[in-house]
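I have placed the structure first, in the form of structure tokens, so that the comments after it can refer back to it.
We did not get these values from a lab; they are worked out from the coordinates using the rules stated. Given the structure is predicted, the values throughout are model-derived calculations rather than measurements. Cβ: placed from backbone, ideal geometry, glycine included. Neighbour counts: every protein chain shown.
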């Protein structure tokens, strides 16, 4: 393995026993490029050609108050596969806030768990007082990797091949962009939304494969909301107004406390290039949904799959360290209990039907992105460690037969959100690999694994050593090299 290191960054972080600054969440500050990665076990397949990129949270400076993992700076980790050879690189996303704190030599903004006024400078996003760190999500669109923050910040662009910084995407609107932009690989469209504390409280937009804004429209809501994700079908986009959002009376005092309101869930169905007057609202059972998988049209229905939370406002976690009980409950899937779920919106009747697809706690799912917006058969979810935001394995569902298969990681090994990488000249929807970074707390190392989705429960077909242990994080993306180069790709 050939290794190149970048110059070190400035850090003021002090030793700590914080559960989300230690263990698998220990911040990684080293930035490297590594070629000809070592294979620990198996062989790197030569039938995939593209990149896997994962966004992670890495705290650089000593927090001003109580640390929440989502406060930390974005670092993208990328592994590239080409001709049976793998290379790796990782880079901080050098947001305006990252650069400002590098100049200051310390933290300038408070975090999610801090009271209003903690920040030393005006903040950003829907919350209004936070650092725009771009550390939540990453997609690839129009030949660029786009890194975004879930509280609505600027969309930061990087070269997906070498992670060179390309600055703020020119199409980002004034109210920012939420994480969970969606990319339709068949058309090259990027679909996005944002939200804020001022009317109309939400907007929806479309960017074409050339980076041109082709739609931007308000989605009027009754008040400030906290949407986290969206979905799309071939002709429609589906946004949401869920009953878990800020307490209005406390928000007037700049206290950002969420509660479950006595309201139904509402879903806004809008034609892809439609306007506010075209929205149709569908009501459903009250819940909160962090992540949707996909939506597609069938007859008069739009069918959407995602993860329905049975307990969206959990009680403080008794096993958490003192002072962190509330935060850790909201990071713990065993507390909020997300279930694989299906919603059916009938455009002919205006009615909604719902059904549970699995009773296990599952989240952070992926499909083959080539069928996004069209009917999907296979879903790949993660399982988690009770009490923690850590992934312990993967589950493949065949929604046509009802079968499922599982891969459980050994104790002390934790996975990453795992997208599907299609084989070159794939024959069908599950002809490819699940790709994931693994953090091994037992050995203090990290690696990349590939799971053949045709032989899912056999586990990884290859384990590839990374040059350092990475920090845990949130979302990821797979992008075929052809898609990076051309901006669209066929099914």
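Give the peptides 161-174, 121-134 in descending order of average Cβ contacts within 10 Å, highest first.
Averaged packing, sorted descending, gives the order 121-134, 161-174.
Per DSSP H run of n ≥ 4, the term is -39500 (n - 2.57); total these for the chain, divide by its residue number, and report the mean residue ellipticity at 222 nm rounded to 500 deg cm²/dmol.
-1500 deg cm²/dmol
Explain nothing, just the number: relative contact order of the stretch 145-252, from Cα pairs under 8 Å at least 6 residues apart, as a whole percent.
For the stretch 145-252, the relative contact order is 18 percent.
Over the chain, what is the relative contact order in percent, taking alpha-carbon pairs closer than 8 angstrom and at least six residues apart?
14
Which of the peptides 297-307, 53-63, 215-225, 146-156 is most tightly packed, and how do the rest follow, judged by the mean count of other Cβ atoms within 10 Å per residue?
Per-residue Cβ counts within 10 Å, averaged per peptide and sorted highest first, yield 146-156, 53-63, 297-307, 215-225.
Alpha carbon centre of the stretch 167-182 versus the stretch 84-116: separation in Å?
About 17 Å separates the Cα centre of the stretch 167-182 from the one of the stretch 84-116.
Inverting the mean 1/r over all pairs of different Cα atoms, compute the Kirkwood radius of the chain and quote it in Å.
That comes to 22.6 Å for the chain.
How long are the semi-axes of the equivalent ellipsoid of the stretch 402-476, taking √(5λ) for every eigenvalue λ of the Cα gyration tensor, in whole Å from largest down?
Rounded to whole Å, the semi-axes are 23, 14, 11.
Hey, what did the stretch 106-176 get for relative contact order, percent, Cα under 8 Å, at least 6 apart? Please report the intermediate quantities before stating the final value.
Working: 131 pairs, mean separation 14.7, N = 71.
Normalised by residue count, the contact order of the stretch 106-176 is 21 percent.
Measuring from label point to label point, each 7 Å out along Cα→Cβ, what is the residue 1 to residue 103 span in nm?
Distance between label points: 3.6 nm.
For q values of 0.10, 0.15 Å⁻¹, compute log₁₀ I(q)/I(0) with the Debye formula on a Cα-only model of the stretch 78-223, without solvent.
After summing over all Cα pairs, the log10 values are -0.39, -0.81.
Note down the Stokes-Einstein diffusion coefficient of the stretch 1-149 in µm²/s, whole number, using a Kirkwood radius over alpha carbon pairs, 25 °C, and 0.890 mPa s. Mind dumping the intermediate values first?
Numbers: Rh = 16.8 Å.
Answer from the Stokes-Einstein relation: 146 µm²/s.
Quick one: which of 350-358, 380-388, 74-82 comes out on top by average Cβ neighbours within 10 Å, and what's the full order, highest first?
Working: 350-358: 13.6, 380-388: 21.0, 74-82: 23.3.
Final packing ranking: 74-82, 380-388, 350-358.
Given 25 °C and 0.890 mPa s, compute D for the stretch 277-405 with the Stokes-Einstein relation, Rh being the Kirkwood radius over Cα pairs; round to the nearest whole µm²/s.
Rounded to a whole number, D works out at 155 µm²/s.
Cα centroid distance between the stretch 25-63 and the stretch 410-433, in Å?
Here the answer is 16 Å between Cα centres.
Rounded, prolate or oblate: which fits the stretch 339-427, taking a ≥ b ≥ c as square roots of the Cα gyration tensor eigenvalues, rounded meaning a/c under 1.5, else prolate when a/b beats b/c?
oblate
Taking 7 Å along the Cα-to-C-beta vector as the label spot, tell me the residue 360-residue 250 distance in nanometres, rounded to one decimal.
3.4
Would you please state the base-10 log of I(q)/I(0) at q = 0.19 1/Å for the stretch 175-310, with intensities from the Debye formula using one equal scatterer on every alpha carbon?
-1.14
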